[in-house]
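The values are calculated or read from the model by the stated rules, or taken from the named source; none is laboratory data. Predicted model, so just to flag it, every value in this text is computed and none were measured. Quick reminder, even Gly has a Cβ in these numbers, built from the backbone with ideal geometry, and neighbours come from all protein chains shown. Keep in mind that these areas ignore ligands, DNA and RNA; they rest on the heavy atoms of the full protein, side chains included. Shrake-Rupley method; radii C 1.70, N 1.55, O 1.52, S 1.80 Å.
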Amino acid sequence: MILRFALDGHLASPIVVFDLGGTWFRSAIAEPCGRISNIRRRTAISCASQPGRAVSLLQADLVEYVINDVTARRKSRCDLGSQVAIALGAALDQRTGIVWNSGPLWGASSEPFDLSAALRRKIPDVKWNVVNDVTAALIAQLRRANTLSKGTTVFVTISTGIAARSWSTDLGGIPVDGLVGLQGEIGHVPVSCVFRETIIHSRCGCGGDDHLNAFASGSGINALLKSLSQAYPDVAAMLGNSMDAKPIRAFATALRRQCPVASEILTMVVAPLARTLLTALAMDPTISRVFIGGGVIDGIGRSRYLAALTAQLKAYGAYQKTEYCSQFFELLLHAVDARDLGLAGAAYAMQTSR
């Protein structure tokens, strides 16, 4: 199945939009011109922020948060229509909106959850639309770029979780599988991770062992740093007293001061992502652009992260391609500011799907 979206034109009216990720929940207004206004942010309602709370209650709390925010916004602005768009950080069936799972939000729970139906039961006069957050980001980035390159464009998010989404100009949209309506869940691909010639093992938020998320996502890097600090004194020294908080922040600080240990860990972290991208390039020769964005990249620094990933890709090489084009990866990869892409893309996915 191909999901088709128009990549031009304005919104018909202002829309309440949400970007519900594993670290932050954000809501805003998408204005007809495309500008995102009145952004509100709160800590994500998740198994990480509320450990031990039942998944069904976390989902009920999410619904209550959305309903309360929409109700308040509709009272404060009379020009808001009866449409609400949500970009959700979860594996969901893009054909039906059924949410299969979200490791960052609900851990290993895999019970199907119809978020749109739950919201309709609360406010039936609103048209609700739920789309995957990476799908939303890709749509918004393609609109921002204002041009479609030939072949396939891929957007990869590296945040609390990792996922990818691709748009094919040949197919005229985003292809999804016909079984569960998914595409690009690369965060759940099993990978290998090696640090100083030792194989590292880690568990993904979904419950699977050694998934890409477990090593290269924000939550994965935090867990990895805690584990390495217990085994390697120089890693512990690099992190200092940050172990009671999120060590990834101390890691980013160490990278900015060009700490060799931090650089070594960054190389380790991007290596499994690089191998995953190389596999994608080998399987799909139409891929012509890869955009990367997300909280991890912003925290580490876009140029720094892009340089590390590019260096690892060049060290591996793309069979035959890099022999004939030494700048292949530099031309392919682009690190972008993805902070508002989910909010904007959610609105565009709702207004322009056809």
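Listed values, structure above:
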| quantity | calculated |
| --- | --- |
| Label of the coordinate-derived value, mean projected area of the Cα convex hull in nm², listed as (i) 24.9; (ii) 17.7; (iii) 29.2 | (ii) |
| Rounded to the nearest 10 Å², the accessible area of Leu142 at probe 1.4 Å | 10 Å² |
| Three-way shape label, the stretch 257-354, alpha-carbon gyration tensor, a/c 1.5 | oblate |
| Spin-label model distance (nm) - Lys75 vs Ser263, 7 Å beyond Cα toward Cβ | 5.6 nm |
| Filtered trypsin sites (Lys or Arg not before Pro), the stretch 254-285: DSSP coil and at most 15 other beta carbons within 10 Å | Arg257 |
| Within the accessible area of the chain (1.4 Å probe), percent carbon and sulfur | 54 percent |
| Which of His201, His211, His334 is most accessible, then next, and so on - probe 1.4 Å | His201, His334, His211 |
| Cβ-derived FRET efficiency at R0 22 Å, Lys226 paired with Leu57, nearest 0.05 | 0.20 |
| Rounded to 5, percent antiparallel among DSSP beta bridges of the chain | 60 percent |
| Size of charge dipole - the stretch 121-223 - debye, nearest 20, with Cβ of Lys, Arg +1 and Asp, Glu -1, no other charges | 440 debye |
| The chain, accessible area per residue, ligands and nucleic acids excluded (1.4 Å, Å²) | 44 Å² |
| Contact order normalised by residue count of the stretch 268-354, Cα under 8 Å, 6+ apart, percent | 40 percent |
| Zone of Tyr316's modelled label, taken as backbone nitrogen in the stretch 165-202 under 19 Å from a point 7 Å along Cα→Cβ | 165-166, 184-202 |
| Contact order normalised by residue count of the stretch 1-119, Cα under 8 Å, 6+ apart, percent | 26 percent |
| List Thr153, Thr198, Thr160, Thr279, ordered by accessible area with a 1.4 Å probe, largest first | Thr279, Thr198, Thr160, Thr153 |
| Test item: Cα-centred dipole of the stretch 209-343, Lys/Arg +1 and Asp/Glu -1 on Cβ, debye | 280 debye |
| Part-to-part distance (alpha-carbon centres) for the stretch 163-201 and the stretch 91-144, which is given in Å | 18 Å |
| Nearest-0.05 FRET efficiency for Ala237 and Met283, computed from C-beta distance (R0 45 Å) | 0.60 |
| Those trypsin sites (Lys or Arg not before Pro) in the stretch 47-115 that DSSP places in a loop and that have at most 16 other beta carbons within 10 Å | Arg53, Arg77, Arg95 |
| In Å, descending, principal axis extents of the Cα set of the stretch 29-121 | 40, 29, 25 |
| Residue (of Val126, Val156, Thr253) at the positive-pole extreme of the chain, dipole from beta-carbon charges | Val126 |
| Helix-only CD estimate at 222 nm, as mean residue ellipticity for the chain, using -39500 (n - 2.57) per DSSP H run (n ≥ 4) | -12500 deg cm²/dmol |
| Surface accessible to a 1.4 Å probe, Arg196 within the full protein complex, Å² | 90 Å² |
| For the stretch 239-342, with +1 on Lys and Arg beta carbons and -1 on Asp and Glu, the positive-most of Tyr305, Ile292, Phe329 along the dipole | Tyr305 |
| Mean Cα-pair separation over length for the chain, i.e. relative contact order, pairs under 8 Å, 6 or more apart, % | 21 percent |
| Selection of trypsin sites (Lys or Arg not before Pro), the stretch 103-170, meeting DSSP coil and at most 10 other Cβ within 10 Å | Lys150 |
| Order of exposure, largest accessible area first, which applies to Tyr232, Tyr305, Tyr316, Tyr324 with probe 1.4 Å | Tyr324, Tyr316, Tyr232, Tyr305 |
| Computed magnitude of the charge dipole of the chain (debye, nearest 20; Cβ of K, R +1, Cβ of D, E -1) | 880 debye |
| Dmax and Rg, reported as Rg then Dmax, of the stretch 1-50 (C-alpha, Å) | 14.3, 41 |
